[in-house]
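Just so it is clear, none of the values below were taken in a lab; they were calculated from the coordinates. Nothing here was measured: the structure is a model prediction, and the numbers come from that model. Counting neighbours? That spans all protein chains shown, and the Cβs are built from the backbone with ideal geometry, glycine included.
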Amino acid sequence: MKNSLCLQACLLICLVCTNRSKVFTTIVDLEDLLETEALLIDTLDDYIKAHEKKLDFLKRYSKIYKNHYNEVSKNDQLYLENPVNAYIFFKRLMIDWEKVENLVANNHELEWWPRIKNIREIKKFPTNKDLNGAIVALTHLQDTYRLDTSSLARGKLNGVKYSSELSAADCFDLGIHFYKIADYYHTQLWMREADARLEREANETVNRSDILEYWAFSTYKQGDVSLALDVTNKLLEIQPTHHRALGNKLQYEYMLQKEGEKDDVEIETEMESDSYNGEIYTQLCRGEISLSMEKASKLKCFYLSGNNHFLKIAPFKVEEAHHKPDIIIFHDVLANSEIATIKRMALPKFKPAVFKNSNTSELEILPYRICKVAWLQDEEHKHISDVSQRVSDMTGLTMSTAEKLQVVSYGIGGHYEPHYDFSKSYFTDDDRTATVLFYMSDVKQGGATVFPNVQVSVWPKKGSAALWYNLHPSGDGDNMTLHGACPVLYGSKWISTKWIHYRGQEFLRPCTLEKSSEEFY
Ligand code: PD2
Ligand code: ZN
């Protein structure tokens with residue numbers, strides 16, 4: 001009995017011991033497990049936060065895409081003619097959409113990733129060329145008319161609200177585009193604007209430190225070390241340990257301390273064109289240059305009736321814009337009904353002005369001529385043949401060798417950089433002797449036809465026409481006739497052009513040995 005009691009007591013002790021150790025083990029595990037759980041909670045929270053951030057981004061873009069879609073649907077014809085809109089549209093479908101795709105691509109569990117991939121395969125997307133084209137047009141407009149960056153970002157062209165607004169990220173991405181092509185002048189303009197826009201954004205679309213870093217560096221490359229230092233200091237206020245900013249700060253301070261260090265700064269020179277004086281061209285476009293009093297005082301206005309009986313009753317109203325080369329303006333020479341016919345017939349035939357890339361054999365948009373072009377023949381409508389006859393009456397030249405009527409429509413930013421209408425690069429015995437350019441719309445702002453070598457601007461007026469001779473009577477090209485179409489700043493511009501050829505005019509505009517001679521008027 002004693003033994004059995006003893007055994008029972010032993011068993012009990014063992015049992016208690018075992019339970020104790022179990023309880024002890026459980027307590028230790030629980031602490032570990034709690035730690036594990038806390039870690040899981042943190043990780044899950046981080047994951048949720050990251051997803052919420054992603055979802056916020058996706059929601060924001062979904063909203064942006066919806067608003068944009070509604071806006072474009074209202075007026076899709078005119079929308080892309082505005083380079084601010086074109087930039088926004090192409091950027092949304094390229095740079096922004098790539099960010100959206102990257103976010104979605106990281107969530108492979110979601111079955112709609114293949115759907116998104118599929119859209120890219122079967123649907124049309126803009127290309128880099130489209131985006132670059134829109135940026136070039138925007139920049140051309142900005143530089144020619146000296147538009148300030150902040151108005152442009154607000155969609156305003158010379159005070160007129162014309163397109164959607166750019167976000168800080170849109171401005172930043174524009175800046176990045178210029179940075180990549182080492183155009184530091186435009187980089188700093190757009191980075192500064194991105195920073196200003198960011199201050200007004202409730203949901204920031206881009207990191208301020210990224211903006212400041214590019215802004216500081218491009219400013220330095222432009223030669224303004226002191227501003228580069230200020231901007232770098234702003235960056236260090238946000239990120240005091242930013243190692244590149246710390247290094248640059250030292251360098252800028254060192255450069256500013258030393259007298260004469262300016263020579264070491266790489267100052268970008270303005271792009272220079274070998275063929276024409278860009279500054280005079282843009283000044284003419286802005287209407288800042290006019291003919292000297294001496295030259296202008298010799299110009300006349302007169303009525304011209306020629307041999308035509310009808311013209312004896314209703315002569316042409318002629319105004320001289322320049323002598324040698326003669327640039328003549330004909331007023332009220334095209335009727336509204338004729339303009340309406342030409343526009344109606346050209347519309348379905350319009351194509352962008354293109355050239356064939358000799359390397360790829362592909363048709364590419366001409367960067368220096370942004371417009372839509374169509375050609376109309378005399379036989380297509382009485383109004384078209386009437387226009388040919390009128391050109392013959394205006395010039396006294398034969399139309400038998402003239403080209404078809406070229407109709408051109410320019411949207412906002414549409415332009416044609418200075419060029420010659422005669423052939424400079426290849427030999428021909430049948431060149432464009434004269435150009436008659438009819439204006440078929442008034443242009444609200446911009447769009448002048450300018451002659452940089454003689455400093456003349458002709459402003460479009462619906463129904464009027466400009467005439468000039470590209471060749472001297474000897475058949476040599478007249479270099480003074482270099483001319484261009486300034487970018488349309490607001491509104492649209494329509495012209496039609498008749499090019500009269502050298503061949504066939506032997507008795508009407510006889511060839512002389514002198515290079516130049518007095519013209520007819
Ligand atoms: O649209 C014009 O003003 C213009 C100016 C210069 C058009 C052309 N040239 C052309 O088509 O050759
Ligand atoms: Zn031309």
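Relative to the longest principal axis of the Cα atoms of the chain, the long axis of helix 2-74 lies at roughly 10 degrees. The trypsin sites (Lys or Arg not before Pro) found in region 71-151 that occupy coil by DSSP, while having at most 16 further C-beta atoms within 10 Å, are Lys123, Lys124, Arg146. The lysines within cross-link reach of Lys295, meaning a Cα-to-Cα straight distance under 19 Å and a gap of 8 or more places when in the same chain, are Lys324. Taking other C-beta atoms within 10 Å as the exposure proxy, Lys498, Lys372 rank Lys372, Lys498 from fewest upward.
Inter-label distance, His331 to Glu71: 4.2 nm, where each label sits 7 Å from its Cα along the C-beta direction.
Between the residues Asn106, Gln142, Phe125, the greatest Cα displacement towards the positive end of the dipole of region 102-153, with unit charges on the Cβ of Lys, Arg, Asp and Glu, is found for Phe125.
Which of Ile339, Ile289 comes first, and how do the rest follow, when ranked by fewest Cβ neighbours within 10 Å?
Ile289, Ile339
Here each label is just a point 7 Å from Cα along the line to Cβ, and for Glu201 and Asn453 those points are 4.9 nm apart.
For Asp42 and Asp148, compute 0.36 nm times the residue count separating them, minus their Cα-Cα distance, and round to one decimal in nm.
Working: separation 106, 0.36 × 106 = 38.16 nm, distance 4.81 nm.
So the extension gain works out to 33.3 nm.
Dividing the summed helix terms, -39500 (n - 2.57) for each DSSP H run of n ≥ 4, by the number of residues in the chain produces a 222 nm estimate of -15000 deg cm²/dmol to the nearest 500. Dipole orientation for region 51-101: of the candidates Tyr69, Leu93, Leu58, Leu58 has the Cα lying most toward the positive pole (charges on Cβ; Lys, Arg +1; Asp, Glu -1).
Please report, in debye to the nearest 20, how large the charge dipole of region 64-223 is about its Cα centre when each Lys and Arg carries +1 at its beta carbon and each Asp and Glu carries -1 there. Write down the numbers at each step before the final one.
Details: 21 positive and 23 negative charges, 66 e Å.
Dipole about the Cα centre, nearest 20: 320 debye.
Using the Cα gyration tensor of the chain, with a ≥ b ≥ c the square roots of its eigenvalues, what is the shape: rounded (a/c below 1.5), prolate (a/b larger than b/c) or oblate (neither)? Kindly include the intermediate steps, with their values, before the conclusion.
Values: a/c = 3.91, a/b = 2.48, b/c = 1.57.
Since a/c reaches 1.5 and a/b is larger than b/c, the shape of the chain is classed as prolate.
In terms of the Cα gyration tensor, with a ≥ b ≥ c the square roots of its eigenvalues, is region 40-88 rounded because a/c is under 1.5, prolate because a/b exceeds b/c, or oblate? Present the calculation step by step, with values, prior to reporting the outcome.
Numbers: a/c = 9.40, a/b = 3.85, b/c = 2.45.
It is prolate, given that a/c is not under 1.5 and a/b is the larger ratio.
The order of Tyr79, Tyr502, going from fewest to most other C-beta atoms within 10 Å of their C-beta, is Tyr79, Tyr502.
Placing unit charges on the Cβ atoms of the charged side chains and taking the dipole of the chain about its Cα centre, the candidate lying farthest along the positive direction among Ser474, Tyr410, Pro315 is Pro315.
Among the GluC sites (Glu not before Pro) within region 273-347, those in coil by DSSP and having at most 12 neighbouring Cβ atoms inside 10 Å are Glu288. Maximal additional length on extending the Asn357-Ala182 stretch stands at 60.5 nm, based on 0.36 nm per residue less the C-alpha distance.
Treat every Asp and Glu Cβ in the chain as -1 and every Lys and Arg Cβ as +1, leave all other atoms uncharged, and give the resulting dipole magnitude about the Cα centre to the nearest 20 debye.
Values: 62 positive and 74 negative charges, 378 e Å.
It works out to roughly 1820 debye.
Let me confirm the definition first: pairs of Lys residues in region 115-227, 8 or more apart or on different chains, C-alpha distance under 25 Å. How many are there?
Details: Lys117/Lys129; Lys129/Lys156; Lys129/Lys180; Lys180/Lys221.
So the count works out to 4.
Note on region 42-103: Lys pairs 8 or more places apart or on different chains, Cα atoms under 19 Å apart, count 16. Among the chymotrypsin sites (Phe, Trp or Tyr not before Pro) in region 377-468, those placed in a DSSP loop whose Cβ has at most 14 other Cβ atoms within 10 Å are Tyr426, Phe427. Rounded to the nearest 20, the Cβ-based charge dipole of region 125-196 about its Cα centre (Lys and Arg +1, Asp and Glu -1) stands at 160 debye.
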